[in-house]
Amino acid sequence: MNNFLFCIINQYRYPSLDIFMNVGTVLGNFFNMFWVLPLFLVAGLFFPMRKIAIPGFRKIQISEIVFLLLVGYIITGILVTVLKFGLHMPRPSVVFGSYVVHSWEIPDSPYSFPSGHSAFAMLIAATFWMRTNKIMLKAILLIYIVWVGLSRINLGMHFPFDVVSGFAIGAFSAWLANNVLFSLKKRYL
């Protein structure tokens, strides 16, 4: 089933679709945290303890957002790295050969499982998902994670199971970071 779904999603090639999928991959890049986190850190310098109101989201201290993203990112990074380099699951181009797989980028590692892009996208989405009741914002977050996940398969970097596993890791990391924050607030505040 994993191989079958990969072949179906990977076979579609149109110039506009390729651009759309490449943008999805860029949005899910694990290294985006190096600009996302500083953005919130700079905001935190100006409003360190003030609760901010991001439209549609519950008011939250910027320091809490920074904490959740940083802790979640560390957990996600550790889990993805340990699994990738511990299990050595090959990328689709190795399994099927480059003549079958349409790949648009050079992978950052030779291993496929799990998808770091999908884990990062889910970490971001889950962190903010827990802080909104707005259906429209949840729909945008859902579209974002599906877009990133499909892009990784369509561009030939991951199998569907890699993407779903990445989603699970990102959701778990966001949940764990949220629980750590809750425990710290309960204990020290």
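The values are calculated or read from the model by the stated rules, or taken from the named source; none is laboratory data. As the structure is a prediction and not an experimental result, all values here were calculated from the model. Here the Cβ is made from the backbone with ideal geometry for all residues, glycine too, and neighbour counts use every protein chain on show. We work out accessible area using only protein heavy atoms, side chains counted, and drop any ligands, DNA or RNA first. Shrake-Rupley method; radii C 1.70, N 1.55, O 1.52, S 1.80 Å.
Things to note:
- Per-region count, the range 161-179, residues in contact with a Phe, Trp or Tyr (Cβ under 8 Å, 6 or more places away or on another chain) and open to solvent by 20 Å² or more (accessible area, probe 1.4 Å): 1
- Some residue of the range 114-127 being open to solvent by 40 Å² or more (accessible area, probe 1.4 Å) and either at pLDDT below 85 or within 23 Å of PHE34 (Cβ to Cβ) (or both): no
- SER118 vs. criteria closer than 23 Å to ASP18 by Cβ, touching a residue at least 40 places away in the same chain (Cβ under 8 Å) and under 12 Å from the mean Cα position of the chain (by Cα): yes
- Considering residues of the range 6-17 that are surrounded by fewer than 14 Cβ atoms within 10 Å (Cβ to Cβ) and aliphatic (A, V, I, L, M) only, the residue farthest from ARG91 (Cα to Cα): LEU17
- Considering the conditions (1) at pLDDT 90 or above; (2) open to solvent by less than 50 Å² (accessible area, probe 1.4 Å); (3) under 15 Å from the mean Cα position of the chain (by Cα), TRP147 is excluded by exactly one of them, (2).
- Among the residues making up the range 17-31, those that are in a helix (DSSP H, G or I) and either hydroxyl-bearing (Ser, Thr, Tyr) or under 14 Å from VAL80 (Cα atoms) (or both) are THR25, PHE30, PHE31.
- Taking the range 128-144 as the range and being of a type in the set (A, V, I, L, M, F, W, C) and open to solvent by 50 Å² or more (accessible area, probe 1.4 Å) as the test, the residues that pass are TRP129, MET130, ILE135, MET136, ILE140, LEU142, ILE143.
- Going through (1) farther than 12 Å from ILE75 by Cβ; (2) touching a Ser or Thr at 6+ places or on another chain (Cβ under 6 Å); (3) not hydroxyl-bearing (Ser, Thr, Tyr) one by one, ILE153 falls short only on (2).
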